[in-house]
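Visitor: Below: one structure in structure tokens.
The values are calculated or read from the model by the stated rules, or taken from the named source; none is laboratory data. As the structure is a prediction and not an experimental result, all values here were calculated from the model. Cβ placement follows ideal geometry from the backbone for every residue including glycine, while neighbour counts extend to all protein chains displayed. Note: areas computed on protein heavy atoms with side chains; ligands, DNA, RNA excluded. Shrake-Rupley method; radii C 1.70, N 1.55, O 1.52, S 1.80 Å.
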Amino acid sequence: MTLAAPSAILQGVGLHSGADASLRLLPASAGSGFVFRLLPSGQEIVACAANVIDTSRCTRLGTNGIEVQTVEHILSALAGLGVYDAVIELSGGEVPATDGSAAPFTALLNEAGLRPQEIPVTALTLTQPLYITDRGSSIIAIPAENFSATVVLDYPKVSYLGTQAAVYDEGADDYAGQIAPARTFGFLSEIEALRARGLGLGATRDNAVVLGEDRYETPLRFPNELARHKLLDLIGDLALVGRPLQMALFAIKPGHTLNTRLASLLSSDRPENC
Ligand SMILES: [Zn+2]
């Protein structure tokens, strides 16, 4: 699937850079995958696991001295709606933060319209389960008929968060309604440290769920919005594989580092994608 026509231009700021950023989505030919085109230079970065250069707080891609950051939410919207060929035209070097979710991107895609490709993309299947783990996070991938994902988060030191889970089944659930609107989040206590590292410069109460010491500082869209957002991120990072995944995923406290490691493992038979 690709876009039926170029989308409107979406304006905003980069969540981490704080700089003005704009984005437009364009149709692409079958098999071309996701390509970020940076304006005004027109230089391009293919969205694939081999081009991941950093995963602290967001997923950053780079090649030949150019880079683009916070790619996971737009890639999640594209894969979530079954789009696997698109050019993502960007100015500002970062995908606009919008409201911290992927809903503005699914709206942009639906407004532009989608069309099937003449040669449909083939799904990636597993022949045996995969298990990866890193510093308390783990993901299990099991062969299955269609894509589903379960995410579990655990914050034992934050009583009002505790344990929460989100489940998405491609065959039964609506990505645009159930997953895309879940916003990114951050602890108020971590914002200063994040900013000292040059991250989160564009984060405001309008584009992130703010977590206080003993309560949510932002009204929630779903009781388990945090787990739904991590599921959104997981789908976005795994979109780096470049094709639908026919498997069931179980992810405990997933993050961009582990997600992109799994994307890399799942891409190992198709290095030509990059
Ligand atoms: Zn995210």
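Visitor: Name, by its number, the condition in (1) within 14 Å of the ligand (Cβ to nearest atom); (2) open to solvent by 40 Å² or more (accessible area, probe 1.4 Å); (3) not aliphatic (A, V, I, L, M) that does not hold for residue 223.
Guide: (1)
Visitor: Same structure again: Any residue at all in region 144-155 that's open to solvent by less than 50 Å² (accessible area, probe 1.4 Å), polar (S, T, N, Q) and in a strand (DSSP E or B)?
Guide: There is at least one residue in region 144-155 that is open to solvent by less than 50 Å² (accessible area, probe 1.4 Å), polar (S, T, N, Q) and in a strand (DSSP E or B).
Visitor: Restricting to region 41-77, give me the number of residues that are in a strand (DSSP E or B), touching a Ser or Thr at 6+ places or on another chain (Cβ under 7 Å) and acidic (Asp, Glu).
Guide: Counting residues in region 41-77 that are in a strand (DSSP E or B), touching a Ser or Thr at 6+ places or on another chain (Cβ under 7 Å) and acidic (Asp, Glu) gives 0.
Visitor: Which numbered condition trips up residue 115, out of (1) under 21 Å from the mean Cα position of the chain (by Cα); (2) under 17 Å from residue 82 (Cβ atoms)?
Guide: Residue 115 satisfies every listed condition except (1).
Visitor: Separate question: I want to confirm something. Restricting to region 156-187 and keeping residues that are β-branched (Val, Ile, Thr), more than 16 Å from the ligand (Cβ to nearest atom) and closer than 26 Å to residue 200 by Cα, which single residue is surrounded by the fewest Cβ atoms within 10 Å (Cβ to Cβ)? Give the steps one after another, and end with the answer.
Guide: Initially, region 156-187 is screened for residues β-branched (Val, Ile, Thr), giving 158, 163, 167, 179, 184.
Subsequent filtering for residues that are more than 16 Å from the ligand (Cβ to nearest atom) retains 158, 163, 167.
From what is left, the residues that are closer than 26 Å to residue 200 by Cα are 158, 163.
Working: 158: 14, 163: 10.
The selected residue is 163.
Visitor: Still on this model: Inspect region 181-200 for any residue being acidic (Asp, Glu) and in a helix (DSSP H, G or I) and give the result as yes or no.
Guide: Yes: one or more hits.
Visitor: Has region 233-249 got any residue that is in contact with a helix residue (DSSP H, G or I) (Cβ under 8 Å, 6 or more places away or on another chain) and on the phi > 0 side of the Ramachandran plot?
Guide: Yes: region 233-249 contains one or more residues that are in contact with a helix residue (DSSP H, G or I) (Cβ under 8 Å, 6 or more places away or on another chain) and on the phi > 0 side of the Ramachandran plot.
Visitor: Do we have residue 93 as small (Gly, Ala, Ser) and surrounded by fewer than 20 Cβ atoms within 10 Å (Cβ to Cβ) here?
Guide: Details: small (Gly, Ala, Ser): yes; surrounded by fewer than 20 Cβ atoms within 10 Å (Cβ to Cβ): yes.
Yes.
Visitor: Checking the condition away from the ligand (no atom under 16 Å from the Cβ) and either under 17 Å from residue 202 (Cα atoms) or modelled with pLDDT of 95 or more (or both), which residue from 81, 75 passes?
Guide: None of the other options fit; the residue is 81.
Visitor: How many residues are within 14 Å of the ligand (Cβ to nearest atom) and under 18 Å from residue 19 (Cα atoms) when one looks only at region 45-71?
Guide: 7
Visitor: Taking residue 7 as meeting all but one of (1) under 16 Å from the mean Cα position of the chain (by Cα); (2) more than 29 Å from residue 265 (Cβ to Cβ); (3) at pLDDT 95 or above, write down the number of the exception.
Guide: So residue 7 meets the others, but not (1).
Visitor: If you go through region 56-70 one residue at a time, how many are crowded, with 17+ Cβ neighbours inside 10 Å and either over 18 Å from residue 201 (Cβ atoms) or not polar (S, T, N, Q) (or both)?
Guide: Matching residues across region 56-70 total 7.
Visitor: Considering each of 239, 251 in turn, give the residue that is outside any loop (DSSP other than H, G, I, E, B), touching a strand residue (DSSP E or B) at 6+ places or on another chain (Cβ under 6 Å), of a type in the set (Gly, Ala, Ser) and within 14 Å of the ligand (Cβ to nearest atom).
Guide: Result of the check over 239, 251: 251.
Visitor: Take residue 131 and decide whether it is more than 16 Å from the ligand (Cβ to nearest atom), open to solvent by 30 Å² or more (accessible area, probe 1.4 Å) and under 22 Å from residue 268 (Cβ atoms).
Guide: When the stated conditions are applied, residue 131 passes them.
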